[in-house]
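Peer 1: One structure coming up, written as structure tokens, with questions to follow.
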Amino acid sequence: MRRLEAGVEGVWVHRILWLVVAVALVVGAVVPDGSEVAEECPARDPRVTAPYAVTGYWVIPRADSCVTRRMVEAIHAIGGDTLITFGPRFDVGEEPGFEGCRVDGHPCAEVPGKQIRQVYSYVTSEEFGPGLLRCQGIDRRIESEGRIFYRVSLAASCDDSVHDLVLVSTDGDGVGNLMTEAAAYGMVVYPGLPAAPQQEGKPWEPDRAHTAALNAFTARVLADYRARFGASKAFGGVYQSFELAMRDRADKDPIIELYAAQHAVVAAALPGKKIVVSPYIDARRGRGFPPGEVAAGFADIAATRAGLPMAVAVQDGRGTGKVPVYGVHEAGAKVAPRLTPVVGDVTYEQAYYGATRDYVEAAARRVPDGVELWVNVEGFEPTPAAGECGRVEPGPLRGRTSKSRLDQQVMAAGTAPVKIISYGWEPFFTCQAGYDTPSLADDIVSGWQAPIIVGASRKELNGRAGILVEGYNLRGGTLRFAPQEVVVNQEWYERGRLESAWVPYVPSGPWTSITATNEAGHSSTSAYVIRQAGNR
């Protein structure tokens, strides 16, 4: 039961994608080079008006090109440069919804003169090109009853008498629309790989009986991507859609074996492209695992990259309630009220092995060559509160979080990650409790200038003792130290991957919290806490 709960978020994400595909009706044209796709769409606004620390988001592909443009523009405006999609499930059997697919009067699952051994289903939001089709007469793009289908044979030879078929249903070219808009805004897209079928009774594990079929279909999809998007700067690589925990794993682990096999297909089809993986962590005592297991799990995942560059975007766990964010002095404090439904009304140290920062720091100690450490800050709450928007259906229920809580998650990620991304744009960043209330994205726009400190340490400068802080929006202004209640002016600032600021101050006491106020007068929404010894 523990492992079932661990993987349930990913399972429902795919169901959300299926729901969106089922109800979307508008099909847009595709022009991968970023030129106009629909004359009626409003002109693009290329400005970045509120650059926030989170620079990538999971999105749902939309068949409507104008809806896609508005979504990409909104993400770009707050500093987003990366879009990620979940890959649809590669399902065993003919799923409901394919009854209307017919070819020459026959159901699409039948091919006259051929024996059909196995049928797979794939419900997506993209239109494929000729790169998907290989066997003349069998592989087909089909328009039937106002819908678009594809039929793809996985046989080694088109002349074989026995074939496995994949039936594909699409609502339009949502992925193509994303590529078009991302190219126009200078952004990068990582479309999801086809997600492996799940084992009956164990949905957290792939069904290895169908791995060969999955890989054959993956190769066809990627060949089509190479043909359609290979020349586009917006095509950054692919996202591995099957979730796993970043922990010490058994030999011959089925998910690691799936990763190795599918990533080898990616390496053959898309040399040089990046693979993004987003493993989860679980700090709950008795159900999760301690930070000490993270390094081994990281190494296992990295070993599947097949020579390609890889980004491991660790899920921070705060949205699901599996991992908390709290200060170094708060282990004995009661858990935040939004975490109580997950772990009970107990203290952090009673409920959890550690905080997000402990797991990220453990991962950062052993980042293998060819791999980047990213952090995926979960942009939602474990359960919805009365009167707030969020995800109601399909489950699990999730609530809308606040911009200040998101700031805390960025703070907890620390200095090591080279990129912060977030699941997921819709509905969590866009929903509104009422027509006249702001969304989380609106709150970011209005509050993006608030400083966020992600690291602090003692540092001498020109022979003077002081404190160096790192983070975002730190330029100018002051640092306030509590409980000493001392405010000190910045005397040095530098901008690199992160901003750095220094003040001449030596804290006293067992712990010190630091709040920044920048030259524009904006202050941190949460304080950063260090121990007397300077440990984070």
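Peer 1: Filter the GluC sites (Glu not before Pro) in the stretch 432-502 down to the DSSP loop ones having no more than 12 other Cβ atoms within 10 Å, then list what survives.
Peer 2: Working: sites: Glu460, Glu470, Glu485, Glu491, Glu494, Glu499; in loops: Glu460, Glu485, Glu491.
For GluC sites (Glu not before Pro) across the stretch 432-502 that sit outside H, G, I, E and B with at most 12 neighbouring Cβ atoms in 10 Å, the list reads Glu460, Glu485.
Peer 1: Quick one: if you take sqrt(5λ) for each eigenvalue of the C-alpha gyration tensor of the chain, what semi-axes come out, biggest first, whole angstrom? Before the final figure, lay out each step's value.
Peer 2: Working: eigenvalues 385, 124, 87 Å².
For the chain, the semi-axes come out at 44, 25, 21 Å.
Peer 1: Would you mind pulling out the separation of the Cα centroids of the stretch 309-323 and the stretch 63-85, in Å?
Peer 2: 22
Peer 1: Sort His106, His210 by accessible area with a 1.4 Å probe, largest first.
Peer 2: Numbers: His106 75, His210 30 Å².
Solvent-accessible surface, decreasing: His106, His210.
Peer 1: Related question: Between Tyr120 and residues 5 or more places away or on another chain, which pairs have amide H atoms under 5 Å apart, with H built 1.01 Å from N, and which residues are they?
Peer 2: Result for Tyr120 returns Gly93, Leu165, Val166, Leu167.
Peer 1: Tell me, what is the per residue accessible area of the stretch 114-231 in Å², probe radius 1.4 Å?
Peer 2: 36
Peer 1: For the pair Thr430 and Gln118, what calculated FRET efficiency results from E = 1/(1 + (r/R0)^6), where r is the Cβ-Cβ distance and R0 = 35 Å, to the nearest 0.05? Don't skip to the end; give the middle numbers.
Peer 2: Working: r = 40 Å, r/R0 = 1.13.
FRET efficiency, Gln118 to Thr430: 0.30.
Peer 1: Check which residues have an amide H placed less than 5 Å from Leu244's amide H, if you skip close sequence neighbours.
Peer 2: When sequence neighbours closer than 5 places are left aside, the close amide H contacts are Tyr280.
Peer 1: Place a +1 charge on the Cβ of each Lys and Arg in the chain and a -1 charge on the Cβ of each Asp and Glu, then give the dipole magnitude about the Cα centre in debye, rounded to the nearest 20. Kindly include the intermediate steps, with their values, before the conclusion.
Peer 2: Details: 54 positive and 63 negative charges, 277 e Å.
Using only the charged Cβ atoms, the result is roughly 1340 debye.
Peer 1: Further question on the same structure: Any chance you could run the full-extension gain for Arg44 through Ser402? It's 0.36 nm times the residue separation minus the Cα-Cα distance, nm to one decimal.
Peer 2: 126.0 nm
Peer 1: Once the Cβ-Cβ distance between Ala299 and Arg208 is put in as r, and R0 is 22 Å, what FRET efficiency do you end up with, to the nearest 0.05? All intermediate terms of the calculation are to be shown ahead of the outcome.
Peer 2: Details: r = 22 Å, r/R0 = 1.01.
Efficiency for this residue pair is about 0.50.
Peer 1: Taking H as built 1.01 Å from N, whose amide H comes closer than 5 Å to the amide H of Val188, not counting residues under 5 places away?
Peer 2: Amide H neighbours of Val188: Thr82, Leu83.
Peer 1: Right, next: Roll a 1.4 angstrom probe over the protein heavy atoms and tell me the percent of accessible area of the chain that is carbon or sulfur.
Peer 2: Details: 10650 of 21070 Å².
In the chain, the share of accessible area belonging to carbon and sulfur is 51 percent.
Peer 1: Might you report the magnitude of the Cβ-based charge dipole of the stretch 245-321 about its Cα centre, with Lys and Arg at +1 and Asp and Glu at -1, to the nearest 20 debye?
Peer 2: Numbers: 10 positive and 8 negative charges, 46 e Å.
In debye, rounded to 20, the stretch 245-321 gives about 220.
Peer 1: Determine ³J(HN,Hα), in whole Hz, for all residues of the stretch 493-501 in sequence, where each value follows from phi through the Karplus function 6.51 cos²θ - 1.76 cosθ + 1.60 and θ = phi - 60°; x replaces Gly and Pro.
Peer 2: Result, ordered by residue: 8, 8, 10, x, 4, 10, 7, 10, 9 Hz.
Peer 1: Just to make sure I understand: if all protein chains stay in place, what is the order of Leu193, Leu133 by accessible area at 1.4 Å, largest first? Please report the intermediate quantities before stating the final value.
Peer 2: Details: Leu193 0, Leu133 60 Å².
Ranked from most to least accessible, the order is Leu133, Leu193.
Peer 1: Mind giving me the nanometre distance, one decimal, between the label points for Val67 and Asp159, set 7 Å out from Cα along Cα→Cβ?
Peer 2: It is 4.7 nm.
Peer 1: Distance from the Cα centre of the stretch 447-489 to that of the stretch 125-145, in angstrom?
Peer 2: After rounding, the separation between the Cα centres reads 58 Å.
Peer 1: Oh, and also: To make sure I understand the rule: partners must be lysines, Cα under 23 Å from the Cα of Lys334, and not fewer than 8 residues away in the same chain. Which ones qualify?
Peer 2: Partners found: Lys322, Lys403.
Peer 1: Given the DSSP H assignment, sum -39500 (n - 2.57) over each helix run of at least 4 residues in the chain and divide by its residue total; what's the result at 222 nm in deg cm²/dmol, nearest 500? Working shown, then result.
Peer 2: Values: 11 runs with 127 residues, N = 536.
Rounded to the nearest 500, it is -7500 deg cm²/dmol.
The values are calculated or read from the model by the stated rules, or taken from the named source; none is laboratory data. Since this is a predicted model, take the numbers as computed values, not measurements. A quick note on method: Cβ atoms are made from the backbone with ideal geometry, for glycine too, and the neighbour counts reach across all protein chains shown. The accessibility values were calculated without ligands, DNA or RNA, using every heavy atom of the protein model including side chains. Shrake-Rupley method; radii C 1.70, N 1.55, O 1.52, S 1.80 Å.
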